[in-house]
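Bear in mind that the values in this text are calculations on the coordinates, not laboratory data. What you see is a predicted model; the values in this text were computed from it and never measured. Backbone-built Cβ (ideal geometry, glycine too); neighbour counts: all protein chains shown.
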Amino acid sequence: MKILAVDTALGACSVAVLDDARVLAHRYQVMERGHAEALAPMVKEAMQASGISFADLDRLAVTTGPGTFTGQRVGLAFMRGLRVALKKPLVGITTLEAMCAAAMAEANASYAAAVHDARREEAYLAVTSANGVLIAPEILPMQDVTGRIAAAIPQDAAVAVAGTCAEIVAGTVPTAQLTSIRQPDALWVARLAIMAPAPAGAPHPLYLRAPDAKLPASA
């Protein structure tokens, strides 16, 4: 299966083109802003480097969140447009699950936790195992993260930790294995999307916090 995957949801912009397990092209750049300007050129460059055409693709993939409002919309809008133009299925993968998959592979662990700064002394959290998702992406007070992870995995089991709060968690979870994974990567979005069921429709953004701006009650 040939797949094009992108991520713009958090602090990086990345593109990957895979043919099953074989990586045909991969571009990754850490960035806090500028995803909208960077994405299209990165996709063009990756597709040229892959040696295949857009028509050769069997599937598309994109991160749905959690992430920044603008970042989530950039990737989703771009890939939803490609979905319509190419008439190819588009799979949505969460940012945290992509980080967990990367962390498990790096640490050769059976469990992983992605803990990402959500500001306001809160964190985005997901916990996965080799058999699936144990805690789906959620937002919670940073002080509660350690307890949630401990409750989700077997006692004394090693857990690979990823995300911008990884160092904090590694200092509070005795069995934590600190990894280098701090942001999602389209490479792992693609790998998860290849194994996912065929989607019935287009993915939607995953928002775990209500927007700060609200319409007046009379609106």
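So here's what we get for this one:
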| quantity | calculated |
| --- | --- |
| Around GLY11: net Lys/Arg minus Asp/Glu count, Cβ-Cβ under 13 Å | -1 |
| Positive-end residue, the chain charge dipole about Cα centroid, Cβ charges, pick of VAL169, THR68, MET47 | MET47 |
| Around LYS87: net Lys/Arg minus Asp/Glu count, Cβ-Cβ under 14 Å | +2 |
| Cα-derived Rg over Rh, computed across the stretch 131-207 with Rh taken as Kirkwood radius | 1.00 |
| Spin-label model distance (nm) - ASP58 vs GLU167, 7 Å beyond Cα toward Cβ | 4.2 nm |
| Assigned charges on the beta-carbon of Lys, Arg, Asp, Glu; the stretch 80-219 dipole about Cα centre (debye) | 740 debye |
| Burial order of peptide ranges 72-78, 119-125, 96-102 (average beta-carbon count within 10 Å, highest first) | 96-102, 72-78, 119-125 |
| Relative contact order (%) - the chain, alpha-carbon pairs under 8 angstrom, separation at least six | 24 percent |
| For the chain, radius of gyration divided by Kirkwood radius, i.e. Rg to Rh on alpha-carbons | 0.98 |
| Cα shape, the stretch 76-202, gyration tensor, a/c 1.5 rule | prolate |
| Among beta bridges that DSSP assigns inside the stretch 12-164, antiparallel share in %, nearest 5 | 75 percent |
| Between the stretch 103-170 and the stretch 60-82, the Cα center-to-center distance that results, in Å | 23 Å |
| Calculated on alpha-carbon atoms, Rg and Dmax of the stretch 1-60 in Å | 11.3, 32 |
| Net +/- balance of residues flanking VAL189 in space, Cβ distance below 10 Å, scoring K and R +1, D and E -1 | -2 |
